[in-house]
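The structure appears below as structure tokens.
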Amino acid sequence: MSSCLELQREELEVVEAIYPDFVADSDIRKGSVKLEIPIEFDTARRIHIEESSEQNPTSCLSLALSLLPPLLIHVLLPPDYPLDSPPQLISIHTTHLWIPPPRHSALQHLLNQMWQQGEGALYNWIQFIHSGKFLDKLGLVRDDVL
């Protein structure tokens, strides 16, 4: 177990060195890591925002954005992570609810599939989310439009 704790510390040090603003809080002794990961596209993407109300049945706003609000992820690293157990996602939240909550469980499933026994997962998770690639995998992008 002490080797797992050392691997967890090393992984967190690497993540904090590469993405210092993405680690919102961590207590490695308890295995708790909170990440705040902004989404940044290589090039601007077209975003459609639809709103319905009684006065206006459907209004649509279209914008080209290269940044989206962050995902807030709380992860628990079990004592035998990364050698024998995957990290456990405690919660996934988005500011302004821009990702529908039902999609959070689909994202959790995608992230869990990325873990490979004996290897750290946090860096890969951050890359996957930060690049926005997860949006395609969740089916939130159609014809390059979110």
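The values are calculated or read from the model by the stated rules, or taken from the named source; none is laboratory data. Because the structure is predicted, anything quoted here is derived from the model rather than measured. Reconstructed Cβ throughout: ideal geometry from the backbone, glycine too, with neighbour counts over all protein chains shown.
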Residues of segment 20-50 that turn out to be among the hydrophobic types (A, V, I, L, M, F, W, C), out of contact with any Phe, Trp or Tyr (no Cβ under 8 Å at 6 or more places or on another chain) and within 22 Å of L5 (Cβ to Cβ), as a count: 5
Conditions (1) under 21 Å from K133 (Cα atoms); (2) part of a strand (DSSP E or B); (3) more than 14 Å from the chain's Cα centre (by Cα); (4) not basic (K, R); number of the one not met by H96: (2)
Test result for I90, surrounded by fewer than 16 Cβ atoms within 10 Å (Cβ to Cβ) and either touching a Ser or Thr at 6+ places or on another chain (Cβ under 9 Å) or among the β-branched types (V, I, T) (or both): yes
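Residues checked against (1) within 21 Å of E16 (Cβ to Cβ); (2) of a type in the set (D, E, K, R); (3) not in a helix (DSSP H, G or I):
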site	(1), (2), (3)
Y81	yes, no, yes
I92	yes, no, yes
H109	no, no, no
Q113	no, no, no
Q117	no, no, yes
I129	yes, no, no
Where a residue in segment 1-30 is acidic (D, E) and its partner, wherever it lies, is surrounded by 14 or more Cβ atoms within 10 Å (Cβ to Cβ) and not in a loop (DSSP other than H, G, I, E, B), with Cβ under 7 Å and at least six apart: E11/L122; E16/V23; D25/K34
From the options P82, P70, P57, residue that is touching a Pro at 6+ places or on another chain (Cβ under 6 Å) and either modelled with pLDDT of 75 or more or of a type outside the set (G, A, S) (or both): P70
Test set (1) surrounded by 12 or more Cβ atoms within 10 Å (Cβ to Cβ); (2) modelled with pLDDT under 90; (3) in a helix (DSSP H, G or I) - P102 fails condition number: (1)
Matching option when the condition is touching a helix residue (DSSP H, G or I) at 6+ places or on another chain (Cβ under 6 Å) and either surrounded by 14 or more Cβ atoms within 10 Å (Cβ to Cβ) or over 19 Å from I49 (Cβ atoms) (or both), among L111, L72, L135: L111
Scan of segment 15-44 for residues that are polar (S, T, N, Q) and either surrounded by fewer than 17 Cβ atoms within 10 Å (Cβ to Cβ) or within 16 Å of N124 (Cβ to Cβ) (or both), ordered by number: S32, T43
Residue within segment 107-122 that is aliphatic (A, V, I, L, M) and at pLDDT below 85 present: no
